[in-house]
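The values are calculated or read from the model by the stated rules, or taken from the named source; none is laboratory data. All values derive from a computational prediction rather than experimental measurement. Glycine gets a Cβ as well: all are built from the backbone with ideal geometry, and neighbour counts include every protein chain shown. The accessibility values were calculated without ligands, DNA or RNA, using every heavy atom of the protein model including side chains. Shrake-Rupley method; radii C 1.70, N 1.55, O 1.52, S 1.80 Å.
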Amino acid sequence: MSAAQISQAIQNTAYFTALRESGLPYPIILSSHLATIAVFGGLILMTDLRLLGVALKSIPASVVVERTRPWKHAGLLIMLTLGIHLGGAKLADYYDNPYFLMKMSLLCLVFVHAMVFRKSVYRNPAALDDPKGLPRAAKIAACLSMALWVGILSCGRWIAYYERPEENPTAQSQPALGR
Amino acid sequence: MVEWRIVLQTAFDPANNPLNNNDWSFPLMECIHIAMFAMSIGTIAIVDFRLLGLMFKKRTPAEILDATSLWTLIGLIVVITSGLIIFTTDPLSYFYNYSFRYKMIALLVAIVYNYTIHRKVAKSNSSAAVNVMVGGFSLLLWISIVFAGIFYAFTEELHYVGGPN
């Protein structure tokens, strides 16, 4: 089976078909996906800015990292669940969309990022609260995190603007969001 | 009575708008809009989470507000500016869309609320019940604004103010 056939088969499952052809559920899931960016994306951004030493300075960096962690995990879980619904319902349109593929690759890098900086930054409160200043690794982790998430957000938006070069009947069902 | 259709058509010409004349600038403006509403709403949400007693419980809401307010303001300025620029690309269809009108009214209410009641309660030593109500309302109001922004794109012509245009 080719990637096109597999994605078509996933998209054609009763669940994803019902979702795609539904009136309200699809925009509600999309709106919730965006609302999750607003509520939980802000937590990621503020943690990164704290690790850079520019925001939330009155709260120790280790406290910001630890207190926001369970909420960022919850946000990511909600975000991924909603995203799987959005992607699955239109997978035949998306599977070869370069922005979709880039977004998925960057999402994988988010997990790599978390693993790489786990020991040196995110689970290292002693180093984060060092009175001599934030460790270089924390600043690098923060910059990479922001770059990854801005990339994911931008690719997500650009998915809707990509059109396959050749004629393809499945591409017709996709509305140009936002226009 | 002001003819808004004429006013908008005179003030903005979508055909000559640079955002409508290349492939990248409109989506780029949307990305800026999304990133900045994440910053503005996200920082307000941190205060809301504190008011709801879910996060930074050892710190006072006032301390969380002080730590986030600058970033909220920067986010709000950029998100409104980018929003106005996006509006000029197709002013008529935004203006006559119920979802968009809800968004504008809710946004105005949310900003006023944020800098009056929300701020006052976060700064004062209010009871847990008041904190929960004020923080919960703030969170729901801002989330509804995000919803309205997405629903704009899904609104059928029949749901436009005054019917099909």
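Tabulated results
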quantity	calculated
Segment B:129-165 - residue that is surrounded by fewer than 13 Cβ atoms within 10 Å (Cβ to Cβ) and modelled with pLDDT under 95 and, of those, nearest to B:Tyr102 (Cα to Cα)	B:Val161
Some residue of segment B:88-95 being more than 12 Å from the chain's Cα centre (by Cα), at pLDDT 95 or above and surrounded by fewer than 16 Cβ atoms within 10 Å (Cβ to Cβ)	no
Any hit, segment A:4-25, residues being crowded, with 19+ Cβ neighbours inside 10 Å, free of Cβ contacts under 8 Å to residues at least 12 places away in the same chain and either in contact with a His (Cβ under 6 Å, 6 or more places away or on another chain) or within 27 Å of B:Ser144 (Cα to Cα) (or both)	no
Hits in segment B:46-79 - residues which are more than 9 Å from chain A (Cβ to nearest Cβ), open to solvent by less than 40 Å² (accessible area, probe 1.4 Å) and aliphatic (A, V, I, L, M)	B:Val47, B:Leu51, B:Ala62, B:Leu65, B:Leu76, B:Val79
Checking B:Lys103 against (1) surrounded by fewer than 19 Cβ atoms within 10 Å (Cβ to Cβ); (2) part of a helix (DSSP H, G or I), the condition it does not meet	(1)
Test: residue in segment B:24-45 that is polar (S, T, N, Q), open to solvent by less than 20 Å² (accessible area, probe 1.4 Å), more than 12 Å from the chain's Cα centre (by Cα) and more than 7 Å from chain A (Cβ to nearest Cβ)	yes
All positions within segment A:70-90 that are part of a helix (DSSP H, G or I) and touching a residue at least 40 places away in the same chain (Cβ under 8 Å)	A:Ile78, A:Met79, A:Leu82, A:Gly83, A:His85, A:Leu86, A:Gly88, A:Ala89
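Yes or no, residue by residue, for (1) under 30 Å from A:Thr68 (Cβ atoms); (2) in a helix (DSSP H, G or I); (3) touching a strand residue (DSSP E or B) at 6+ places or on another chain (Cβ under 8 Å); (4) at the interface with chain B (Cβ under 8 Å from one of its Cβ atoms):
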{"site": "A:Met1", "(1), (2), (3), (4)": "no, no, no, no"}
{"site": "A:Gln5", "(1), (2), (3), (4)": "no, yes, no, no"}
{"site": "A:Gln8", "(1), (2), (3), (4)": "no, yes, no, no"}
{"site": "A:Thr17", "(1), (2), (3), (4)": "no, yes, no, no"}
{"site": "A:Gly42", "(1), (2), (3), (4)": "yes, yes, no, yes"}
{"site": "A:Asp48", "(1), (2), (3), (4)": "yes, yes, no, no"}
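Yes/no per residue for (1) within 29 Å of B:Pro27 (Cβ to Cβ); (2) charged (D, E, K, R); (3) within 14 Å of another protein chain (Cβ to nearest Cβ):
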{"position": "A:Ile78", "(1), (2), (3)": "yes, no, yes"}
{"position": "A:Leu86", "(1), (2), (3)": "yes, no, yes"}
{"position": "A:His113", "(1), (2), (3)": "yes, no, no"}
{"position": "A:Ala126", "(1), (2), (3)": "no, no, no"}
{"position": "A:Asp130", "(1), (2), (3)": "no, yes, no"}
{"position": "A:Arg136", "(1), (2), (3)": "no, yes, no"}
{"position": "A:Lys139", "(1), (2), (3)": "no, yes, no"}
{"position": "A:Gly151", "(1), (2), (3)": "yes, no, yes"}
